[in-house]
Amino acid sequence: MNIVFICNSPFQLLSSICIKEYYHKNDFCKVVLTDAAKALKEYDIRKVKRFFDEADYLAIYEKMKNLHGYKDMELPDERVTKIVAEEIAPAIGDEYDHIYYANLHAWIYDTIRCIGHAHIRSHYYEDGMDSYIKSAHVGYGQMPESLFVYEPKMMPDFLGLPVKKIPAFIEFGPDCRENIYEIFKGSTKRQKLPANIYFEQHSDDKNDYRAMDDLFLYICRLTENDIILKSHPRRKKINPEIGRYRWKSDMPWEMIACRENLQGKILFNVSSRAVFTTPVFTNDRPVVILLYRILILETGKPLEWWHINEEYVRRWAEMYGKDRVFIPGSREDLQKIMNSIRV
C-alpha cells in the first residue's frame, strides 16, 4: 500500500509516526509537513525520514490564510482550490491508496479530490479537542473510512465509523522512542519545571489573547510567580508582560510529560487537548484546573467557542479522578481553589 500523511503541527507529526509504526510498518509512507506551525520547517527532515520513505515540506498554509476575506478554513473557496490544484496536489502526487488527515479544512478535501481516484481511502486522526466533541468528521469531501484517536473509549459514536487507537510512543521499543525524541528535541532546553504550568491557548480571534493574558497574569499573582507558560506553536505576537514566563518549546507536551515528575504540580488549561492527554503518557496525576468557564464569563463567548464540551469533561474527570480536577466559574472561585490546594 502507498500512504500519505498530512501534518500541520508537531503533535500531528508525532501521531503520524505512531500510526505508521504500528499500522503501516511495511507500507510505503510519505509525510507532508506544512507551514501551519513554524516548528515543522525547523525539524531535521533527515530524522523524519527514519520513519517515512518520503518527507516533504509545503509552504502553503500562510498563502491560504492571507487570501482576502478568507476567515474560516473549513469553508470551500475557489482560490483555495486553485492553490491545491497548482501547488499542493502536484507536490504530493496521485499514487496513494490511503490518505491520513487531522484538520477539517476545505483544502484537505480539495487535496483528496485532486490526488484521489476511485479507490483512495481517507482516514481522520486526532487533532485537539474537536476530535472528541464535534460531529463534523466529514466536511465538503468524502466520508473518512475510519477515525484514529488516543482514547477510543472517550469517543462518542458520531458517525458510526470504526474508531482505532493511536498507540502512545512510550509503547514502542527504546530505539524507536529515542529516534522519535531526536526529531522533536531541537533546541528545547530541558529545565526544572515549577509547581504550576499554564498551557497557552490558541484562538482565531486575536482579542481573546488580551483576556487570556490578563487571566494568566492574575494566576501569576496567585502562584507568587512560581509558574511557567507552555507556549502554543501557532501564537506569533507575544505580550511583553508574559514574555518572561513563556517557555518556548516545539516539543509536544506529551513527550515532556512522560519524562518529568508531575506529581504535586498544577496544570492550568482552557481547553487544550495537551492536558487531557497527560494520563495517556504518564501515570502521574497532577491537579488540573480548567479555566473555560472564567473566560466564558469574562468574554461573553459561548462554550462552543472554546472548543470544549461539558459532557466530555465530566467523563474525562471521572476517568482521571474527580478530586484532581477543578473548574472555577470566576476568579474568586479560582482563588478559593488555590487556597484549598495549598492547605
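The values are calculated or read from the model by the stated rules, or taken from the named source; none is laboratory data. Because the structure is predicted, anything quoted here is derived from the model rather than measured. Protein only, heavy atoms only, side chains kept; ligands, DNA and RNA dropped before computing areas. Shrake-Rupley method; radii C 1.70, N 1.55, O 1.52, S 1.80 Å.
Some points to look at:
- Solvent-accessible heavy-atom area per residue, rounded to whole Å², over the stretch 1-46 at 1.4 Å: 35 Å²
- With Cα atoms, 0 to 90° folded angle of helix 310-320 axis to the chain main axis: 80 degrees
- Binned Cα-Cα distances of the stretch 258-343, short to long, each 10 Å bin given as a whole percent: 16, 50, 30, 4
- Calculated from the alpha-carbon coordinates, the stretch 169-295 shows an Rg and a Dmax of 14.9, 44 Å respectively.
- Distance violations [Cα-Cα > 24 Å] among LYS230/LYS265; LYS192/LYS248; LYS71/LYS153; LYS30/LYS164; LYS82/LYS206; LYS185/LYS230: LYS71/LYS153; LYS82/LYS206
- Long-range amide H partners of ALA36 with built H, under 5 Å: TYR61
- Taking Cα atoms only, the orientation of helix 331-342 departs from the longest principal axis of the chain by about 80 degrees.
- Within the same chain, aspartates and glutamates fewer than 8 places from LYS38 are excluded, and of the rest, those with a Cα less than 18 Å from its Cα are ASP56, GLU62, ASP127, GLU182, GLU200, ASP204, ASP250.
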